Amino acid sequence: MDLASPEFWGYIRQMAGGAVITLELFACSVVLALVLGTIVGIVSLSRNLAIQALWRTYASIVMGVPSLLVIFIIYYGGSAMLNGLFGRSLRLDVTPFGAGLAALTIVYAAYVAELVHGAVRNLPRGQFEACAALSLRPVQAWIHVILPQVFRLALPGLVNVWLIVLKDTPLVSLAGLNDLVATAKISAGATKEPFIFFIAASLFFIAFSALTMPLANRLDTRLGRGIAKVKS
């Protein structure tokens with residue numbers, strides 16, 4: 001295929017549109033998983049037996065089921081569940097984007113919650129005692145003292161979650177989302193040039209993943225402000 005032909009660049013523009021959809025789904029999923037996972041991780045610290053049972057059940061289910069199956073369950077069964085909750089008078093349909101967003105959020109919030117839970121457990125008890133001595137309200141203590149340290153401790157695990165969500169985002173194309181992988185497949189089938197378009201899609205993920213380490217290093221530096229560095 002002539003790489004200078006208008007047809008080729010038309011497919012490239014189509015893939016660029018798919019890349020935007022991929023990034024939108026990825027960004028929304030990561031943010032929601034981080035927020036929901038942080039909340040669940042804090043709540044799971046409760047010693048209440050009912051809360052502990054709910055947390056363990058949720059974590060066992062979502063960590064034991066492949067993300068693709070969760071996407072399919074929400075996409076194909078989500079409409080029926082929503083219509084059952086709100087009544088048949090209100091017709092609600094689950095889009096591929098909505099199903100993917102819900103599935104990735106639900107699944108990876110569990111991993112974020114586990115990281116947050118473990119990081120809080122590893123914090124020195126003196127941090128909580130200092131907050132109490134300063135008469136900080138619980139919300140203030142968590143926002144200004146506890147969570148910055150929690151995210152610093154959990155950062156390596158959160159970076160891994162970031163990368164896994166990025167690699168799992170194309171799974172939503174199997175539910176009909178017209179993302180980067182789906183458009184690459186369409187372009188490859190139409191032009192009979194799978195190598196070109198799949199390599200282009202791969203380079204996109206490689207380039208985006210390569211940005212992770214500089215970003216992680218900057219976050220680590222910011223979250224580690226005020227902490228003395230040990231010289232080797």
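The values are calculated or read from the model by the stated rules, or taken from the named source; none is laboratory data. Just so it is clear, the model here is predicted, and its values are computed rather than measured. Cβ atoms come from the backbone with ideal geometry, glycine included; neighbour counts cover every protein chain shown. These area figures cover heavy atoms from the full protein model, side chains too; ligands, DNA and RNA do not enter into them. Shrake-Rupley method; radii C 1.70, N 1.55, O 1.52, S 1.80 Å.
Okay, here's what the table says:
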| read-out | value |
| --- | --- |
| Residue satisfying all of: in the range 1-59; open to solvent by less than 60 Å² (accessible area, probe 1.4 Å) and assigned to a loop (DSSP other than H, G, I, E, B); farthest from Ile71 (Cα to Cα) among these | Ser5 |
| Verdict on Leu163 being of a type outside the set (Lys, Arg) and either at pLDDT 90 or above or open to solvent by 30 Å² or more (accessible area, probe 1.4 Å) (or both) | yes |
| Selection status of Val139, loosely packed, with under 15 Cβ neighbours inside 10 Å and part of a helix (DSSP H, G or I) | yes |
| Criterion violated by Asn178 - all others in (1) open to solvent by less than 50 Å² (accessible area, probe 1.4 Å); (2) touching a Gly at 6+ places or on another chain (Cβ under 7 Å) satisfied | (1) |
| Residues satisfying the stated conditions in the range 166-175, i.e. under 30 Å from Arg222 (Cβ atoms) and open to solvent by less than 70 Å² (accessible area, probe 1.4 Å) | Leu166, Asp168, Thr169 |
| Residue in the range 91-136 that is farthest from Ser60 (Cα to Cα), counting only those that are part of a helix (DSSP H, G or I) and among the acidic types (Asp, Glu) | Glu129 |
| Candidates Gly126, Gly100, filtered to the one that is free of Cβ contacts under 8 Å to residues at least 40 places away in the same chain, open to solvent by less than 60 Å² (accessible area, probe 1.4 Å) and either under 19 Å from Val65 (Cβ atoms) or over 12 Å from the mean Cα position of the chain (by Cα) (or both) | Gly126 |
| Matching residues in the range 181-232 - criterion: being surrounded by fewer than 10 Cβ atoms within 10 Å (Cβ to Cβ), modelled with pLDDT under 85 and in a helix (DSSP H, G or I) | Pro214, Thr221 |
